[in-house]
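Taking it in order: structure first as structure tokens, then the write-up.
The values are calculated or read from the model by the stated rules, or taken from the named source; none is laboratory data. Remember, predicted model here, so these are calculated numbers, not experimental data. Cβ coordinates were reconstructed from backbone atoms using ideal geometry, including for glycine residues, and neighbour counts include every protein chain displayed. Just the protein is used for accessible areas: all its heavy atoms, side chains included, with ligands, DNA and RNA removed. Shrake-Rupley method; radii C 1.70, N 1.55, O 1.52, S 1.80 Å.
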Amino acid sequence: MGGAPCRCAPVDIPIKHDTAVVESWGGRTPAPVPAPVLNGVAARERSGCRVLQIGEVATRVGLSLRTIRHWDEVGLVVPSARSTGGFRLYTEDDVERLQFIKTLKPLDLSLDQIKDLVSVMDAARAAGDSETADDLRGRLGMYRAAAEARIEALRAQVQGMEALSRELKSLAERRETLPSSRAVDRR
């Protein structure tokens, strides 16, 4: 979920930084977004720091506003900052995380499991080579096994649907080759 963090010049405006966000930035607090960045797309692009409001993010990722807000409320994807007016502001890293989490949904993981998986992945990246990293890799291995099992189940479902489709096609083709039947008069 990499990408270079946004490096805007710090200014003294009140912006909320969540603990999880600070940890995802390697323990450093992200630089606050300068005031011009908070006021319009052109100003954001001129500053070199691209932040997106929730509507832009929803359109780009293909999620509803409600889903993104809910994921924020449960701590799954917390926006990197909020404007002075309280609007959620998302960086490219936030968007990548949302896209990644969206790809996990078909695995039938609960939001708590997804939250755990993402935090384990973040911690494993930061741990390097240590006993903690070994433990984290073990936990990631369990998620990988679960993902592979779900993939196999989905393959079986696809094969079943393909067999059904072939059978229906065969029946439709046979019906087309049969002589047409006339309605029976039932007096």
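Please list, in order along segment 148-159, the HN-Hα scalar couplings obtained from phi with the Karplus expression 6.51 cos²θ - 1.76 cosθ + 1.60 (θ = phi - 60°), rounded to whole Hz, x for Gly and Pro.
Each residue's phi maps through the Karplus curve to give 5, 5, 5, 4, 4, 5, 5, 4, 4, 5, 4, 4 Hz.
Starting from the Cα of Leu140, step 7 Å toward the Cβ, then list every residue of segment 86-101 with an amide N under 17 Å from that point.
Taking a point 7 Å out along Cα→Cβ of Leu140, the residues of segment 86-101 whose backbone N falls under 17 Å are 97, 100-101.
Quick one: Cα centre-to-centre distance for segment 89-128 and segment 61-83, in angstrom?
Computed from Cα coordinates, the inter-centre distance equals 12 Å.
What is the distance, in nm, between label points placed 7 Å from the Cα along the Cα-to-Cβ direction at Leu111 and at Arg166?
According to this spin-label approximation, the distance is 4.2 nm.
Quick check: at a probe of 1.4 Å, how many percent of the accessible area of segment 111-171 sits on carbon and sulfur atoms?
56 percent
Taking θ = phi - 60°, what integer Hz values does the Karplus form 6.51 cos²θ - 1.76 cosθ + 1.60 yield along segment 134-147, in sequence order, with x for Gly and Pro?
Listing the rounded values in order: 4, 4, 5, 5, x, 5, 5, x, 5, 5, 5, 4, 5, 5 Hz.
Taking amide H positions as placed in the peptide plane 1.01 Å from N, state which residues far from Ala81 in sequence (5 or more) or on other chains have amide H under 5 Å from it.
Leu89
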